[in-house]
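As structure tokens, the structure follows; a few thoughts come after it.
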Amino acid sequence: QPYLRVEDVHMRYPNDNGGVEALHGVQFDLHPREFVCLLGPSGCGKSTLLRIIAGLLTPTRGEVIFYAPTASRISLVFQDANLMPWRNVRENIALPLILQGVPRSQALQKADAWLDIVGLQGFGEALPRELSGGMAQRVAIARSLIQEPGLLLLDEPFGALDALTREKMASELLRLWQEHRTTVLMVTHSISEAILLSDRVLVLSSRPGRVVLDLAIDLPRPRD
Ligand code: ADP
Ligand code: ADP
């Protein structure tokens with residue numbers, strides 16, 4: 001049974017001349033614990049698709065069907081870490097738990113554990129502006145994973161990082177996924193990143209956005 005099914009999803013954004021068709025009949029299944037990368041030219045509807053899966057946008061036609069009971073918790077990571085500037089790192093990581101009603105001390109304790117997991121021990125009291133881009137993105141990933149999401153959606157999470165940091169972050173994400181095995185759908189512009197990380201690569205075409213390639217990547221991964 002799939003984790004979720006994207007079924008004949010269409011999306012049209014309204015504008016002055018009839019609207020922009022961002023997605024036109026997108027269809028695929030995501031399987032439990034799969035790591036899928038989504039590639040395609042700029043403007044082909046990748047972000048739109050992620051937002052629809054996350055429930056932030058309603059498609060004009062079609063639907064996203066969730067099968068797994070764990071599908072209730074979906075976490076979305078963007079290119080910008082979007083940390084709360086006036087909160088320190090451990091508070092930023094703990095926030096989703098606190099908003100869920102987990103007692104503050106317990107949430108902060110868990111955040112400390114996640115600080116270690118993402119290699120930021122010692123930075124708990126730092127403020128977001130004191131972090132490098134790669135560190136901030138690690139905080140964003142920890143803030144997502146602390147919720148133990150059934151589905152992790154990543155929209156070019158390393159897009160704003162330099163090449164070296166990016167490579168390090170990709171291996172780190174791979175290690176996290178190998179240890180925590182959540183279902184992942186990640187938008188990337190890097191084919192090498194997609195091949196390193198994913199079980200499967202989906203390619204969207206633009207005008208109108210639809211899946212033109214669905215490719216299983218059957219390569220041994222480091223540490224797999
Ligand atoms: P990608 O993430 O692949 O770059 P997007 O999903 O951001 O693509 O955008 C797909 C298409 O939809 C583009 O033509 C874009 O201009 C258009 N679009 C995206 N968001 C909106 C919006 N809020 N209003 C109108 N058009 C939009
Ligand atoms: P406090 O005054 O208790 O320290 P905060 O500084 O955390 O509150 O929050 C200020 C405002 O921002 C509050 O209204 C809070 O609900 C809101 N807020 C908290 N978390 C988020 C979040 N993740 N995204 C947007 N707004 C938030």
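No lab work stands behind these numbers, since they all come straight from the coordinates. Computed from a predicted model, the values in this text were never measured in an experiment. Here Cβ is always computed from backbone atoms with ideal geometry, including for glycine, and neighbour counts include all displayed protein chains.
Report the chymotrypsin sites (Phe, Trp or Tyr not before Pro) located in the stretch 70-177 that are in a DSSP loop and have at most 15 other Cβ atoms inside 10 Å of their Cβ, or state none. All intermediate terms of the calculation are to be shown ahead of the outcome.
On the way: sites: 78, 86, 114, 123, 158, 177; in loops: 78, 86, 123, 158.
Taking the stretch 70-177 and a limit of 15 other Cβ atoms within 10 Å, the loop chymotrypsin sites (Phe, Trp or Tyr not before Pro) found are 86.
Determine the calculated [θ] at 222 nm for the chain from helices alone, applying -39500 (n - 2.57) to every DSSP H run no shorter than 4 residues and normalising by the residue count; nearest 500 deg cm²/dmol.
Working: 6 runs with 71 residues, N = 224.
Value at 222 nm, helices only: -10000 deg cm²/dmol.
Under 16 Å from the 7 Å Cα→Cβ point of residue 127, by amide nitrogen: which residues of the stretch 92-106?
Under cut-off, by backbone N: 92.
Show the residues, 5+ positions off or on another chain, whose built amide H is closer than 5 Å to the amide H of residue 11.
Under 5 Å from the amide H of residue 11 lie the amide H atoms of 22, 23, 24, 25, 60, each far enough along the sequence or on another chain.
Translational diffusion coefficient, Stokes-Einstein: compute it for the chain using the Kirkwood radius over C-alpha pairs as Rh, at 25 °C and 0.890 mPa s, and state it as an integer in µm² s⁻¹. Walk me through the numbers before you get to the answer.
On the way: Rh = 18.1 Å.
D, rounded to a whole number, is 135 µm²/s.
Using r as the Cβ-Cβ distance of residue 65 and residue 116, and R0 as 45 Å, what FRET efficiency do you calculate, to the nearest 0.05?
Details: r = 37 Å, r/R0 = 0.82.
Efficiency, from the Cβ-Cβ distance: 0.75.
Where both residues lie in the chain, what percent of DSSP beta bridges are antiparallel, nearest 5? Walk me through the numbers before you get to the answer.
Values: 19 of 36 bridges.
Expressed as a percentage, antiparallel bridges in the chain total about 55.
Taking H as built 1.01 Å from N, whose amide H comes closer than 5 Å to the amide H of residue 187, not counting residues under 5 places away?
Amide H to amide H, under 5 Å and 5 or more residues apart or across chains, residue 187 pairs with 38, 154, 155, 156.
May I ask you to evaluate 6.51 cos²θ - 1.76 cosθ + 1.60, the Karplus curve with θ = phi - 60°, for each residue of the stretch 54-67 and list the ³J(HN,Hα) values in order in whole Hz, giving x for glycine and proline?
So the J values, rounded to whole Hz, are 6, x, 8, 9, 9, x, 6, 8, x, 7, 10, 10, 9, 9.
Work out Dmax and Rg for the stretch 65-107 from the C-alpha atoms and quote the Rg first, both in angstrom.
Cα-based Rg and Dmax for the stretch 65-107 come out at 13.3, 39 Å.
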